[in-house]
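Taken together, the values in this text are just the output of simple stated rules run on the coordinates, not laboratory data. Predicted model only: the values in this text are computed from it and were never measured. Don't worry about glycine lacking a Cβ; one is built from the backbone with ideal geometry, like all the others, and counts go over all protein chains shown.
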Amino acid sequence: MKIEWLYEAQAEYRDLLSFHLNNVGRESAHRFADRILGAVGKLELFPEMGVLRENTLLGKHGFRVVFIGKYTCIYRIDGDFVYIYHLTDARTDYMYRIFGVTASDDNEE
């Protein structure tokens, strides 16, 4: 498989990397980059390693998510390509909106 970062994901990666560099330091930025790029690189060999929730709108369209520490990588497999759509902070409610879970759903478990 070949990895293709779409524009939005590239911008999100650059923003997060810049945040680490400017607010935490060069060493943190290097660790962040190594961790994100290493995990995304594994998708070349294991494209289906991410979570697929088929009972959600995005899941029905083949979108998967890989959790990388406190970040999430949202991607889709199409032919011989893995397209990276987003790289987000998993601590926000962004993932809940994408995968169709609300805070009240979490409390019912």
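See the values below:
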read-out	value
Total formal charge among the other residues, if their Cβ is under 15 angstrom from that of D80, Lys/Arg +1 and Asp/Glu -1	-2
Under 9 Å, Cβ to Cβ, from M49 - net charge with Lys/Arg +1 and Asp/Glu -1	+1
Fraction of alpha-carbon pairs over 23 Å apart in the stretch 2-101 - percent	23 percent
Cα-centre dipole for the stretch 2-101 with unit charges at Cβ (Lys and Arg positive, Asp and Glu negative), debye to 20	240 debye
Reachable lysines from K70, criterion Cα separation under 24 angstrom, eight or more residues apart if same chain	K42
Distance in nm between pseudo-label sites at Q10 and N22 (7 Å out along the Cβ direction from Cα)	2.0 nm
Relative contact order computed over the stretch 1-80 (Cα-Cα under 8 Å; 6+ residues apart), in percent	23 percent
